[in-house]
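Participant: Next up is a structure, given as structure tokens.
The values are calculated or read from the model by the stated rules, or taken from the named source; none is laboratory data. All figures in this text were calculated on a predicted structure; none of them were measured in a lab. Neighbour counts are summed over all protein chains in view; Cβ atoms, including those assigned to glycine, are modelled from backbone coordinates with ideal geometry.
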Amino acid sequence: MATHVLHPRRHHITLDEHLPVDHRLSRVYRVGAGLMGLVLLAFGVLGLIDKIGFFDTRGDTVAGLNTNGALSVLSICVGLLLFVGMVIGGNFASTLNMVLGVAFILSGFVNLALLDSSYNFLAFRIQNVLFSFVVGVLLMFFGMYGRVSGGLPHDNPYWKARHPDG
């Protein structure tokens with residue numbers, strides 16, 4: 001015969017609950033979005049300066065990475081989106097960092113599969129795949145910082161929501 005211990009129902013917190021306006025975690029989310037946005041924006045602008053073909057699958061090398069017009073424009077758009085997240089800050093920036101981080105990692109896997117195929121419209125090479133993985137992990141780190149850890153400080157709003165009695 002097994003006995004079951006009933007636990008009091010805990011307050012469930014979702015990732016889109018709002019932080020206080022002046023909470024210090026918002027700075028981490030903003031800095032992460034801004035840094036990654038700046039890197040992507042610089043890469044995209046440098047790629048467009050070279051005036052290469054939009055869907056040129058040979059690509060051209062910019063800052064050690066292969067690029068074409070489509071990848072440059074996509075990098076600029078994502079960089080600007082990250083700047084918007086930096087300006088808004090708070091949970092929007094955090095969630096945006098997490099979502100784009102997962103998108104970069106998925107992009108790395110998809111483009112890894114397309115490397116030597118005729119469907120490689122973004123002119124990815126292995127260094128682009130590795131860059132995509134690194135940017136994805138960094139964006140996820142910046143987005144999840146202070147939200148999903150076992151050692152959150154007791155003044156953290158996510159810790160407070162998980163421990164309403166403490």
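Participant: Given Ser94, Ser107, Ser117, which one is at pLDDT 90 or above and among the hydroxyl-bearing types (Ser, Thr, Tyr)?
Facilitator: Among Ser94, Ser107, Ser117, only Ser107 is at pLDDT 90 or above and among the hydroxyl-bearing types (Ser, Thr, Tyr).
Participant: A further question on this structure: For segment 79-111, enumerate the residues that are surrounded by 20 or more Cβ atoms within 10 Å (Cβ to Cβ) and among the aliphatic types (A, V, I, L, M).
Facilitator: Scanning segment 79-111 gives Leu82, Met86, Ala93, Leu96, Met98, Leu100.
Participant: Might you check whether a residue that is more than 19 Å from Val129 (Cβ to Cβ), small (Gly, Ala, Ser), over 12 Å from the mean Cα position of the chain (by Cα) and at pLDDT 85 or above occurs anywhere in segment 10-27?
Facilitator: Initial filter on segment 10-27 (more than 19 Å from Val129 (Cβ to Cβ)): 10-27.
Then keep just the ones that are small (Gly, Ala, Ser); that gives 26.
Still in the list and also over 12 Å from the mean Cα position of the chain (by Cα): 26.
With at pLDDT 85 or above added as a condition, the list becomes none.
No; the residues of segment 10-27 include none that is more than 19 Å from Val129 (Cβ to Cβ), small (Gly, Ala, Ser), over 12 Å from the mean Cα position of the chain (by Cα) and at pLDDT 85 or above.
Participant: Here is a further query. Could you list all residues from segment 48-74 that are more than 16 Å from the chain's Cα centre (by Cα), modelled with pLDDT of 80 or more and closer than 16 Å to Ser107 by Cβ?
Facilitator: Selection gives Leu65, Asn66, Thr67, Asn68, Ala70, Leu71, Ser72, Val73.
Participant: Right, next: Considering every residue within segment 112-131, establish whether at least one is free of Cβ contacts under 8 Å to residues at least 24 places away in the same chain and within 18 Å of Gly79 (Cβ to Cβ). Break it down stepwise before answering.
Facilitator: Initially, segment 112-131 is screened for residues free of Cβ contacts under 8 Å to residues at least 24 places away in the same chain, giving 112-117, 119, 126, 129-130.
The next check asks that each one be within 18 Å of Gly79 (Cβ to Cβ); those that pass are none.
No - not one qualifying residue is present in segment 112-131.
Participant: Check segment 92-101 and report whether any residue there is touching a strand residue (DSSP E or B) at 6+ places or on another chain (Cβ under 9 Å) and in a helix (DSSP H, G or I).
Facilitator: Just the residues of segment 92-101 that are touching a strand residue (DSSP E or B) at 6+ places or on another chain (Cβ under 9 Å), to begin with: none.
No.
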